[in-house]
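Worksheet: one structure, shown below.
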Amino acid sequence: MSMVDKLKGLLKGHPEQSRQGIEKAGDAFDTRTGNKYQSQTDTVQNKLNEQLGPDQQRPEDR
């Protein structure tokens, strides 16, 4: 089993926690690079979130 397969297995069934992790990682990267690559970071975050599937809003978020 490859590392990618292991990562997919960990993320499966936990989309909200995964989205939070993606957001935190992107923000940390932006901070460390002085927002030099902010647009590229945002693109990567969006692509990763698309891979997780549709965003399920909780009733209190509506």
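The table below gives the values:
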| quantity | calculated |
| --- | --- |
| Qualifying positions in segment 7-41 - polar (S, T, N, Q), part of a helix (DSSP H, G or I) and modelled with pLDDT of 95 or more | THR31, GLN38, SER39, GLN40, THR41 |
| Filtered residues of segment 42-62 (kept if in a helix (DSSP H, G or I), surrounded by 10 or more Cβ atoms within 10 Å (Cβ to Cβ) and modelled with pLDDT under 85) | GLN51, LEU52 |
| Those residues of segment 1-26 which are among the hydroxyl-bearing types (Ser, Thr, Tyr) and touching a residue at least 40 places away in the same chain (Cβ under 8 Å), in sequence order | none |
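The values are calculated or read from the model by the stated rules, or taken from the named source; none is laboratory data. Bear in mind that the values here come from a model prediction, so they are computed numbers and not experimental data. Here Cβ is always computed from backbone atoms with ideal geometry, including for glycine, and neighbour counts include all displayed protein chains.
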